[in-house]
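Okay, structure first, notes after.
The values are calculated or read from the model by the stated rules, or taken from the named source; none is laboratory data. Just so we're clear, the structure is a prediction, and the values are computed from it rather than from any experiment. Because the Cβ atoms are built from the backbone with ideal geometry, glycine has one as well, and the counts that use them run over all protein chains shown. In case anyone asks, the SASA skips ligands and DNA or RNA and just uses the protein heavy atoms, side chains included. Shrake-Rupley method; radii C 1.70, N 1.55, O 1.52, S 1.80 Å.
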Amino acid sequence: MTLQDYLPCLYALLACAGFAVMFEIKKPMFILLASATGMVSWLVFLLLHDIGSEVARYFLATMVAALFAETFARLMKAPATIFLVIGIVPLVPGGGLYYAMDALIGGNYALFAERGLDTAAFAAAIAAGVSVVTSIVRMAMTGRMNRRERETKKEE
Amino acid sequence: MRAKQVERCLNFCCETGRQLIKNGAEIYRVEEAAKRMLSAFGYSDAEVFAIPSCIIINIHDGERNFTKNVRILRTGSNFDRLDSLNALSRKVAAKELSIEAAEAELHEIMGRKGYPAWISYLGYGFAAFFFTLFWGGHALDAAIAFFCGLLVKAAMGQMVRLKANVFFIHICASMLLVTVPVLLTALGVHIIHTDKIVIGAIMLLVPGIAITNVMRDVIIGDFITAVSKLAEVLIIALAIAIGIAIPFGILRALTGVM
């Protein structure tokens, strides 16, 4: 792949900055980090181009984006939602929805079913990616809190 | 006097919870925040129940029970407020703020102004602009998408003010943004890529918060919330799909070709 192929990452970054303004994010640092999450998610998606399965590609890209979002959330002491919502926007299969409707209007039901199912599968992969990372992060946080509680009890 | 103090805490926690939900927080975050804040105020056995449209808080104090519920009718997405409210609830939970100071800060957060309208419009426009480039459109496509983005923002703003429902807002917004490139194509402008423009601009309507929060609420095990949010996502997706279909259907009926 040439440098030209990575140009969409830059577009994703800028588009996500637009989204950050739409969601009324004020702090420049937050806008930057949220947009960076969006760029990373698309970069990972592009880098995984020969993985074979599109669903796996969406899943892994979302996992990386969610990991970034959770990290930024801890660093900035802000809700992870802020970075996550904007970070996964480039992965949202808006194109799938459009092409499915296009096939439906054209009366091509087989194509409509195929594209519709594809879109649903990608959406499910994104959801699964978010949930895996968030679950693990939550488990880690709960573990840390439990340890801390035990330590304070010991001191007492 | 004591009863007054309880009521005050109850009102504060209900209002903070309501604003958290209104500005795009996950439901478990609202429940946890309210519980921790009440615990910091000295009511550790308070019960908090929240779903996307309602919060019920009960405080047991001495021999009496104090209960309040608030309805949430319309949710938006203001992450600046969400962040500030989250920070406020943490401070209260850590006993760094008295109830008076907390109330004052809540008031200050809610009075804060958002971006001026023109910056909001530019945000919508540029998001559509760059997403069209992102999906492979050329500069002219992107410029048309920018215009579509402005149109979406104007339509949504106006319809929210007129209290239209979410379903209808999304049908109309997606119909409007599809009409622009369809009309241009019908008028004989064939160098534009209708699909790239529509896909780029349609991103503005995707219910991103609901999709993300559904998963986060499922993880916590709050399935009532997850089901109602999932319904919201599906209804919005359906509305967008219908909105896309209408202009194309009309064009097809009028000209016979696509």
| Given the pairs B:Lys4/B:Lys113; A:Lys153/B:Lys35; A:Lys77/B:Lys153, which are separated by over 27 angstrom at their Cα positions? | B:Lys4/B:Lys113; A:Lys77/B:Lys153
| message | Expected output is a single nm value to one decimal: the length gained when fully extending between B:Gln5 and B:Glu32, i.e. 0.36 nm times separation in residues minus the C-alpha distance. What is it? | response | 7.6 nm
| query | What translational D, rounded to a whole number of µm²/s, comes out for segment B:61-172 from Stokes-Einstein when the hydrodynamic radius is the Kirkwood one over Cα pairs, at 37 °C and 0.692 mPa s? | reply | 185
| query | For chain B, what is the calculated [θ] at 222 nm in deg cm²/dmol (nearest 500), taking -39500 (n - 2.57) for each run of four or more DSSP H residues and dividing by its residue count? | reply | -23500 deg cm²/dmol
| request: Would you mind computing the Rg to Rh ratio of segment B:194-239 from its alpha-carbon coordinates, Kirkwood style for Rh? | output: 1.12
| field | Scattering profile of chain B at q = 0.08, 0.12, 0.14, 0.15 Å⁻¹ [log10 I(q)/I(0), Debye over alpha-carbon scatterers] | value | -0.42, -0.79, -0.96, -1.05
| said: Taking the 0 to 90 degree range and rounding to the nearest ten, how far is the long axis of helix B:166-186 tilted relative to the main principal axis of chain B, both from C-alpha atoms? | reply: 20
| request: Jot down the per residue volume, in cubic angstrom and as a whole number, of the convex hull over the alpha-carbon atoms of the protein assembly as shown. | output: 157
| Kirkwood hydrodynamic radius over Cα pairs of segment B:117-255, then Stokes diffusion coefficient at 20 °C and 1.002 mPa s, in µm²/s | 136
| said: Over segment A:1-102, what portion of Cα pair distances is larger than 24 Å, expressed as a whole percent? | reply: 23
| field | Sorted peptide list for B:126-139, A:131-144, criterion being average Cβ within 10 angstrom, highest first | value | B:126-139, A:131-144
| note | Classified through the alpha carbon gyration tensor (a ≥ b ≥ c as square roots of its eigenvalues; rounded if a/c is under 1.5, else prolate when a/b is larger than b/c, else oblate), segment B:2-111 comes out oblate
| Ignoring ligands, DNA and RNA, what percent of the accessible area of chain A is carbon or sulfur (1.4 Å)? | 67
| note | Longest principal axis of chain A (C-alpha) makes with the long axis of helix A:94-105 (C-alpha) an angle, in degrees to the nearest 10, of 30
| request: Sticking with the crude label model, points 7 Å out along Cα→Cβ, report the distance from B:Val189 to A:Ala121 in nm, one decimal please. | output: 3.7
| query | Taking segment B:156-223, which trypsin sites (Lys or Arg not before Pro) meet the DSSP loop condition and have no more than 15 other C-beta atoms within 10 Å? | reply | B:Lys163
| remark: Placing each pseudo-label 7 Å from Cα in the direction of the beta carbon, B:His138 and A:Ala56 end up separated by a distance in nanometres of 3.8
| query | Tilt of helix A:7-22 relative to the longest C-alpha principal axis of chain A, in degrees (0 to 90, nearest 10)? | reply | 70
| query | Restricting attention to the alpha-carbon atoms of segment A:97-156, what are Rg (one decimal) and Dmax (integer), both in Å? | reply | 22.9, 73
| Peptide B:25-36, shielding by other chains (average Cβ, 10 Å cutoff) | 1
| Ranked packing of A:37-48, B:180-191, most packed first, by mean Cβ within 10 Å | A:37-48, B:180-191
| message | At q = 0.29, 0.32 Å⁻¹, what log₁₀ I(q)/I(0) does segment A:22-68 have when each alpha carbon counts as one equal point scatterer in the Debye sum? | response | -0.98, -1.09
| query | How many Cβ atoms of partner chains, on average, are near each residue of B:75-84 if near means within 10 Å of its Cβ? | reply | 6
